[in-house]
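Working notes, structure below.
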Amino acid sequence: MNRARINIVGCGRVARSLARLWSQAGALEIGDLYSRSLASARATAEFAGAGRVREQLRHMGSAELWLIATPDSALAEAATTLAVDAPLRAGDCVFHCSGACSSELLAAARCRGATTASAHPVLSFAVPESACRAFAGSHVGIEGEPAAAARVEQAFSAIGARCFAIDARHKMLYHAGSVFASNFTVVLLDVALQCYRAAGIEPDTAHALMRPLVEAAIANALRVGPASALSGPAARGDVELVERQRQAVGDWRTDPGLAYEVLTRLAFDLAARARH
């Protein structure tokens, strides 16, 4: 049975990981790869063990599926360029992997007769090797035209994804949830380390102090929910201590002090909800 071919425009870590997964699973034939950085396209072909690097978009061949894996800010421009320069055919499926942007950014491709969708893998691709190992069983949020969404869901299900539907109108808020859960967690851990260092704690000791707290907090929040997992002065309702600590953090640095104030207000609200 012939496999559908996928061409990829934009060859960062997400594209690199997905190309390997689709290729190794035999789910899709990796066709042509194009990126403004020729080195990135070559690295993707090498990592995936498949694909042909093209130096110009207009040199790409035809494909049933087209993944635009550029940064979010370049998606609309890439779709327009694709519609003008690439051999896009009526009925081809064009999709992107942004969690924040809807498939509406691919309108130029739709005007050429393609169907459009988006698929957001809820996984960190910071280290492609690790992402490939962890991908099976991960979740992928999909939205777009029904025909395109069905084809994209099939492609991701073939590599072990658990697909779910996203309302395109609320993608920015949906993606913010992932940012809070992932990116901002990393930022807060860095602030915690800075606090330790400012208090005179050696880096190795600071990491050792932080690890069990982080692991327990996340494990408890996932097991029993954030409200039941909350601990510390806000959970106890110790307003006086919280205020003294807010002042200490603010005296040290302004932005962490503001973050402490806002997060404590949210913590008090969470504690109040836990009591009801």
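The values are calculated or read from the model by the stated rules, or taken from the named source; none is laboratory data. Predicted, not measured: the structure shown is a model, and the values here were computed from it. Note that each Cβ is placed from the backbone with ideal geometry, even for glycine, and that neighbours are counted across all protein chains shown.
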Legend entry - Which numbered condition residue 67 fails, given (1) in contact (Cβ under 8 Å) with a residue 60 or more places away in the chain; (2) out of contact with any Phe, Trp or Tyr (no Cβ under 8 Å at 6 or more places or on another chain): (2)
Inset, instruction - Please work out if residue 11 is within 18 Å of the chain's Cα centre (by Cα), at pLDDT 95 or above, farther than 21 Å from residue 166 by Cβ and assigned to a loop (DSSP other than H, G, I, E, B). - result: yes
Legend entry - Count - residues of the range 186-208 that are loosely packed, with under 15 Cβ neighbours inside 10 Å, of a type in the set (A, V, I, L, M) and over 24 Å from the mean Cα position of the chain (by Cα): 3
Legend entry - Hey, residue 235 in a helix (DSSP H, G or I) and within 25 Å of the chain's Cα centre (by Cα) or not: no
Inset, instruction - Please enumerate the residues belonging to the range 247-265 that are in a helix (DSSP H, G or I), within 32 Å of the chain's Cα centre (by Cα) and among the charged types (D, E, K, R). - result: 255, 261, 265
Inset, instruction - Of the numbered conditions (1) under 17 Å from the mean Cα position of the chain (by Cα); (2) modelled with pLDDT of 95 or more; (3) under 19 Å from residue 20 (Cβ atoms), residue 126 fails exactly one; give the number of that condition. - result: (2)
Legend entry - Pick from the range 143-176, criterion within 26 Å of residue 40 (Cα to Cα) and touching a Phe, Trp or Tyr at 6+ places or on another chain (Cβ under 8 Å), ranking: surrounded by the most Cβ atoms within 10 Å (Cβ to Cβ): 152
